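One structure is given below, encoded as structure tokens.
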Amino acid sequence: MIGSALFALGATPGFMAWAGASVANLSFFVGAWFFTGAALIQYALSGAATTSTPDGGKQFRAEWLSAATQFGGALLFNASTAAALHAATVTEDRRRVWSPDAAGSVAFLVSGILAVIVFAHTVRVWAPRRRDWWATQVNLLGCIAFGASAVGAYVTSAGQTVSDEVASAGTFVGALCFLVSAGLSLPRWSRT
């Protein structure tokens, strides 16, 4: 939730103009470490990578694949946000910031799709009365928004991004979705 809040802060409309690009990039950088910590915990809790098949073979477990892909995406966001603190040229920005950002966004999208598939397989496709169903769906929306952000942040050879508005809005909406999803995933407190 902390990582999501820091990403939302950095992408809040008007924040970069008010605080400066360095402060916004620092917010993304620190937030990425919290994302990575959460992804590592989820990866560690996801269990064994493979399971036995009825014919005696092995296959990867979708839960593990989702967690491993998310962790890989989080590591790519660490690389991207660290590079954003120091990128000084268009070539650096494209290679060291956008490339890992785009790859991390794809990894998050794959992870979100796998999570929805796992939930649909273990529970059911439509379960809107369950908090974990909502957490999975909202997480996927966040993954889609981060993907849109990566498309908007693409740096052309002329040194311009495709759309700063789409990049910022996608990051902001995605971060809010991840924040809500994390909140829905928290255990309920007993009142007794």
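Summary of values
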| read-out | value |
| --- | --- |
| Options A115, A103; residue that is more than 16 Å from S181 (Cβ to Cβ) and among the hydrophobic types (A, V, I, L, M, F, W, C) | A103 |
| Enumeration of residues in the range 49-68 that are assigned to a loop (DSSP other than H, G, I, E, B), of a type in the set (G, A, S) and closer than 17 Å to V118 by Cα | A49 |
| The range 101-159 - residue that is of a type in the set (S, T, Y) and either more than 20 Å from F35 (Cα to Cα) or in contact with a His (Cβ under 6 Å, 6 or more places away or on another chain) (or both) and, of those, least open to solvent (accessible area, probe 1.4 Å) | T156 |
| Close pairs (8 angstrom Cβ cut-off, 6 or more residues apart or separate chains): farther than 15 Å from A67 by Cβ in the range 114-127, open to solvent by 90 Å² or more (accessible area, probe 1.4 Å) anywhere | V123/R130 |
| Selection status of A83, part of a helix (DSSP H, G or I), touching a Lys or Arg at 6+ places or on another chain (Cβ under 7 Å) and within 27 Å of T161 (Cβ to Cβ) | yes |
| Qualifying residue in the range 73-94 (condition: at negative phi, among the basic types (K, R), open to solvent by 30 Å² or more (accessible area, probe 1.4 Å) and free of Cβ contacts under 8 Å to residues at least 60 places away in the same chain) | no |
| Which numbered condition V23 misses (of (1) under 27 Å from V118 (Cα atoms); (2) assigned to a helix (DSSP H, G or I)) | (1) |
| Within the range 144-171, tally of residues that are touching a Ser or Thr at 6+ places or on another chain (Cβ under 7 Å) and over 23 Å from R96 (Cβ atoms) | 0 |
| Residues of the range 7-45 that turn out to be in contact with a Gly (Cβ under 6 Å, 6 or more places away or on another chain), closer than 21 Å to E165 by Cβ and without any contact (Cβ under 8 Å) to a residue 40 or more places away in the chain, as a count | 2 |
| Number of the condition not met by V173 [criteria: (1) at pLDDT 90 or above; (2) surrounded by fewer than 17 Cβ atoms within 10 Å (Cβ to Cβ); (3) of a type in the set (V, I, T)] | (2) |
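The values are calculated or read from the model by the stated rules, or taken from the named source; none is laboratory data. From a predicted model like this one, the values you see are computed outputs, not experimental measurements. Note: ideal-geometry Cβ built from the backbone for every residue, glycine included; neighbour counts use all protein chains shown. What goes into the accessible areas is simple: the full protein's heavy atoms, side chains included, and nothing from ligands, DNA or RNA. Shrake-Rupley method; radii C 1.70, N 1.55, O 1.52, S 1.80 Å.
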